[in-house]
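Data first, discussion second: the structure below is written as structure tokens.
The values are calculated or read from the model by the stated rules, or taken from the named source; none is laboratory data. What you see is a predicted model, and the numbers here were worked out from it, not measured in a lab. Please note: Cβ atoms are built from the backbone with ideal geometry, for glycine as well, and neighbour counts cover all protein chains shown. Heads up: the accessible areas ignore ligands, DNA and RNA and are worked out on the full protein's heavy atoms, side chains in. Shrake-Rupley method; radii C 1.70, N 1.55, O 1.52, S 1.80 Å.
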Protein chains: 2
Amino acid sequence: MNFVDTLFDDTYFMRKALALAKKALSLGEIPVGALIVSKENKIIAQTHNLTERLKDVTAHAEMQAITAASHYLQSKYLKGCTLYVTLEPCAMCLGALYWSQIDKIVYGASDPKRGGISQGVAIHPKTKVVKDILAEESEGILRFFFENKRKQLQ
Amino acid sequence: MNFVDTLFDDTYFMRKALALAKKALSLGEIPVGALIVSKENKIIAQTHNLTERLKDVTAHAEMQAITAASHYLQSKYLKGCTLYVTLEPCAMCLGALYWSQIDKIVYGASDPKRGGISQGVAIHPKTKVVKDILAEESEGILRFFFENKRKQLQ
């Protein structure tokens, strides 16, 4: 690993994705944050869940990140790119990532119930997957959100 | 089945989805068309594949239809709605349809390789699935597109 790679490692970018999840939390959205980094270590998309605000189930952090990165690169294929997301992508998002042929997917907390990887959704042969990066923090913020929701309903 | 239901049956709406697939074909897009019909038999979304024009893998006909219908209804849940699409939805689109809790999915041609149902992606317990509506026509237009593509490459 060269010097730049140690500076910009998976934990570095996941911490930024976590900050985006916190932004979602402050808006009352399910706190999931995502970003896409180009092969030059440049952040080309920064997003968080917006399904409540947009009243649109397709507005997951990852989906918006794919669209934003594709727009930036003017390419539907995200070659050389890495997606960082605080929660395991669902079937929809993993399906989209398949079509994008992205190089690498890094996620924090696992989602055994609704996660696409847990469901066995196909991953593109070009795509490498890394999990459990800042998983505790990612799960903690989600737990905080849902516990608060439950309290509000009581 | 009452009189209105026989007028507006699955074949009626799938023929309209096929017309949208033909529109995609004329634009050089993979010819898949979709529409969403409300419980009052009103078409509230009409879309076709736009992945090439938008350079965005998320621009499948179904994804655009979900976003358009949610916007129309001002609801992220597509209660009482039916999606018509000429090709079996992929994992991404079926994943999105899961979140939407749509009442019914009707598709034309099956896609054993990349279809979400063929891949075993979860379908919401509230959602009914009907297949093989104008399947030959839906497949025919796709075959025409890919045969032409191959000829252009020769």
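Here the 3J(HN,Hα) profile of the stretch B:17-22, calculated from phi with Karplus coefficients 6.51, -1.76 and 1.60 at θ = phi - 60°, is 5, 5, 4, 5, 4, 5 Hz, Gly and Pro shown as x. Provide the net charge surrounding B:ILE102, with neighbours chosen by a C-beta distance below 13 Å and charges set as Lys +1, Arg +1, Asp -1, Glu -1. Neighbourhood net charge equals +4. Within the straight-line cut-off of under 26 Å between alpha carbons, the lysines reachable from A:LYS42 are A:LYS16, A:LYS22, A:LYS23, A:LYS76, A:LYS79, A:LYS104, A:LYS126, A:LYS128, A:LYS131, B:LYS55, sequence neighbours fewer than 8 places apart in one chain being disregarded. Across the stretch B:120-133, computed HN-Hα scalar couplings (Karplus, 6.51 cos²θ - 1.76 cosθ + 1.60, θ = phi - 60°) run x, 5, 4, 10, 4, x, 7, 9, 9, 10, 10, 10, 6, 8 Hz from first to last residue, x flagging Gly and Pro.
Between the amide H of A:ILE44 and those of A:ILE36, A:VAL37, A:SER38, distances stay under 5 Å, these residues lying 5 or more places away or on another chain, with hydrogens modeled in the peptide plane. Couplings for the stretch A:29-45, taken from phi via the Karplus curve 6.51 cos²θ - 1.76 cosθ + 1.60 with θ = phi - 60°, read 8, 4, x, 10, x, 8, 8, 10, 10, 7, 5, 8, 6, 9, 6, 10, 7 Hz in order; Gly and Pro are left as x. Roughly what % of Cα-Cα distances in the stretch B:72-154 sit above 18 Å, to the whole percent? Above the 18 Å cut-off, the stretch B:72-154 has 47 percent of its Cα pairs. Calculated on the alpha-carbon coordinates, the convex hull of the protein assembly as shown measures out at 140 cubic angstrom per residue. Element breakdown for the stretch A:2-69 at a 1.4 angstrom probe: carbon and sulfur atoms account for 56% of the accessible area. Secondary-structure-derived ellipticity at 222 nm for chain B, considering helices only, amounts to -14000 deg cm²/dmol, per-run term -39500 (n - 2.57) for DSSP H runs with n ≥ 4. Does the stretch B:113-154 come out rounded, prolate or oblate by the C-alpha gyration tensor, with a ≥ b ≥ c the root eigenvalues, rounded set by a/c under 1.5 and, if not, prolate when a/b is larger than b/c and oblate if not? In terms of gyration-tensor shape, oblate.
Across every pair of non-identical alpha carbons in the stretch A:1-113, the mean reciprocal distance, once inverted, gives a Kirkwood radius of 13.9 Å. Ignoring ligands, DNA and RNA and using a 1.4 Å probe, state the total buried accessible area between A and B in Å², rounded to the nearest 100. That pair of chains buries around 2300 Å² in total. Placing a label point 7 Å from Cα along the Cα-to-Cβ direction at B:THR6 gives distances to the equivalent points in the other copies of 7.9 nm, listed shortest first. Within the stretch A:57-79, the residues that become at least 10 Å² less accessible when every protein chain is included than when their own chain is isolated (1.4 Å probe; DNA, RNA and ligands ignored) are A:VAL57, A:THR58, A:HIS60, A:MET63, A:ILE66, A:THR67, A:SER70, A:GLN74, A:LYS76. Between copies, the label points at A:GLU139 (set 7 angstrom from Cα along Cα-to-Cβ) are spaced 4.5 nm, reported in nanometres from shortest to longest. In the context of the full set of protein chains, the stretch B:55-120 has a per residue accessible area of 31 Å² (1.4 Å probe).
Evaluate E = 1/(1 + (r/R0)^6) for B:GLN74 and B:ILE43, where r is the Cβ-Cβ distance and R0 equals 22 Å; express this FRET efficiency to the nearest 0.05. Calculated transfer efficiency: 0.80.
Counted by Cβ distance under 15 Å from B:TYR72, the other residues give a net charge of +3, where Lys and Arg count +1 and Asp and Glu count -1. For A:THR86, the residues whose amide H sits under 5 Å from its own are A:GLY33, A:GLY108, ignoring neighbours fewer than 5 places away on the same chain, with H placed 1.01 Å from N.
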